[in-house]
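The values are calculated or read from the model by the stated rules, or taken from the named source; none is laboratory data. Quantities reported herein were computed from a predicted structural model and do not represent experimental measurements. Here the Cβ positions follow ideal geometry from the backbone for every residue, glycine too, while neighbour counts run over all protein chains shown. Calculation scope for accessible area: heavy atoms of the full protein, side chains included, ligands and nucleic acids excluded. Shrake-Rupley method; radii C 1.70, N 1.55, O 1.52, S 1.80 Å.
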Amino acid sequence: AEVTHPLPLLSLANAFNNDELVAWHKRAVNLLGRSDFDFVCELKIDGLAVALTYEDGRFVRGATRGDGVHGEDITHNLRTIKSVPLALMGQPPRRLEVRGEVYMPKESFRRLNEERASKGEPLFANPRNSAAGSVRQLDSRITASRKLDIYIYALGYADDGPMPNNHRDAMSHLAERGFRINPQSRLCQTLEEVEDYYRSWVERRRDLPYQVDGVVVKINRFEHQRVLGYVGREPRWAVAYKFASEQAVTRLLDIGINVGRTGSLNPFAVLEPVVIGGATVKLATLHNEEDIRRKDIRVGDWVIVE
């Protein structure tokens, strides 16, 4: 069923290098008329954004981002994720909405694809698509079997209850209520500290049990966020500082065919195993015959896997 978000659940603008990060910061400084503000840096988990709504401390609804204004009701599936609290601790506001990222851990993704391969089913391309498809299942037993997880990354809104005046403290407050908050976030005083945080994760991200594709940089104080507001569908007070795509070169050993339930033929690549993004890749989708011809993919080729 369709859900209307009381507060839009918007996407982030991207910065792909330090120059673009500096340009974002300069725009914020000009609009605020000051530069003495701090930031919160968080790992940008590659998953599916959701909104969780609680009434009198009880989980009543979960929805996908959708177009930012309208999403899909996936409450029955989110209830199967063990780290989604069904009842909050302490004295929560009468009505509370939080935003989070549902994701599939790397190990869950590996096991899922091994299971699908053993059944001759098409493989999932990446953990993000797998997580997104899992929470949109009509049968919640399928969602439960996929071993999903979630991190809460923002307060949406709170009615009838005192809340902190900045993002960092709000996350600590939500952790006290029972929400799972990523412990890798950091409060930074300067843009140089933001850059240091980003660079520290460029290589270390491979050691994480989940996929990340960048760092989210947020201006900490809610007052500053309100002044900066939004442009289009993007907040001016936050930016996604993206990592470069990871690539590896390996050899194509064979082209296999999976026969789908309806008789569709789904080609896949059998690769010389290569480590990329912290996972050993041995198989890759080839989409369809037309795509194979377009790329002129042949057994024995050296190929780039991204």
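A few notes on this one:
- Only residues that are among the small types (Gly, Ala, Ser) and more than 21 Å from the chain's Cα centre (by Cα) were counted across segment 31-62, and they come to 3.
- Long-range neighbours under 6 Å by Cβ, at least six apart or interchain, first residue of a type in the set (Gly, Ala, Ser) within segment 1-25, second part of a strand (DSSP E or B): 1/73; 13/234; 13/239; 15/239; 15/241
- Residues of segment 1-15 that turn out to be under 12 Å from residue 66 (Cβ atoms) and surrounded by 13 or more Cβ atoms within 10 Å (Cβ to Cβ), as a count: 6
- Qualifying residue in segment 16-25 (condition: loosely packed, with under 14 Cβ neighbours inside 10 Å, of a type in the set (A, V, I, L, M) and farther than 25 Å from residue 215 by Cβ): no
- Checking residue 213 against (1) at pLDDT below 95; (2) farther than 30 Å from residue 191 by Cβ, the condition it does not meet: (2)
- Scanning segment 290-306 for residues that are touching a residue at least 24 places away in the same chain (Cβ under 8 Å) and either open to solvent by less than 100 Å² (accessible area, probe 1.4 Å) or under 30 Å from residue 209 (Cβ atoms) (or both) turns up 292, 297, 299, 300, 301, 303, 304, 305, 306.
- Every condition in (1) modelled with pLDDT of 90 or more; (2) surrounded by fewer than 11 Cβ atoms within 10 Å (Cβ to Cβ); (3) not aromatic (Phe, Trp, Tyr) is met by residue 272 except one, and the failing one is (2).
- Subset of segment 26-58 that is open to solvent by 30 Å² or more (accessible area, probe 1.4 Å) and acidic (Asp, Glu) - its residue that is farthest from residue 230 (Cα to Cα): 56
- Qualifying residues in segment 131-148 (those that are out of contact with any helix residue (DSSP H, G or I) (no Cβ under 8 Å at 6 or more places or on another chain) and not hydrophobic (A, V, I, L, M, F, W, C)) - the one least open to solvent (accessible area, probe 1.4 Å): 133
- Tally of residues being in contact with a helix residue (DSSP H, G or I) (Cβ under 9 Å, 6 or more places away or on another chain) and of a type in the set (Ser, Thr, Tyr) across segment 261-276: 0
- The single condition among (1) among the basic types (Lys, Arg); (2) modelled with pLDDT of 95 or more; (3) surrounded by fewer than 17 Cβ atoms within 10 Å (Cβ to Cβ) that residue 99 does not meet is (3).
- Conditions (1) in contact with a Phe, Trp or Tyr (Cβ under 7 Å, 6 or more places away or on another chain); (2) closer than 30 Å to residue 61 by Cβ; number of the one not met by residue 123: (2)
- Close pairs (6 angstrom Cβ cut-off, 6 or more residues apart or separate chains): under 11 Å from residue 217 (Cβ atoms) in segment 36-58, basic (Lys, Arg) anywhere: 40/168; 40/218; 41/186
- The test for being crowded, with 17+ Cβ neighbours inside 10 Å, touching a strand residue (DSSP E or B) at 6+ places or on another chain (Cβ under 8 Å) and at pLDDT below 90 holds for residue 128.
Conditions (1) within 13 Å of the chain's Cα centre (by Cα); (2) free of Cβ contacts under 8 Å to residues at least 40 places away in the same chain; (3) under 20 Å from residue 53 (Cα atoms), marked per residue:
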position	(1), (2), (3)
85	no, no, yes
88	no, no, yes
98	no, no, yes
118	no, yes, no
121	no, no, no
126	yes, no, no
133	no, yes, no
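- The residue pairs whose first member lies in segment 161-179 and is surrounded by 17 or more Cβ atoms within 10 Å (Cβ to Cβ), whose second member is at pLDDT 95 or above and in a helix (DSSP H, G or I), and whose beta carbons are closer than 8 Å, counting only pairs six or more residues apart or on different chains, are 166/222; 167/222; 167/225; 170/222.
- One residue from 197, 241, 210 being surrounded by 13 or more Cβ atoms within 10 Å (Cβ to Cβ), aromatic (Phe, Trp, Tyr), under 19 Å from the mean Cα position of the chain (by Cα) and farther than 18 Å from residue 17 by Cβ: 210
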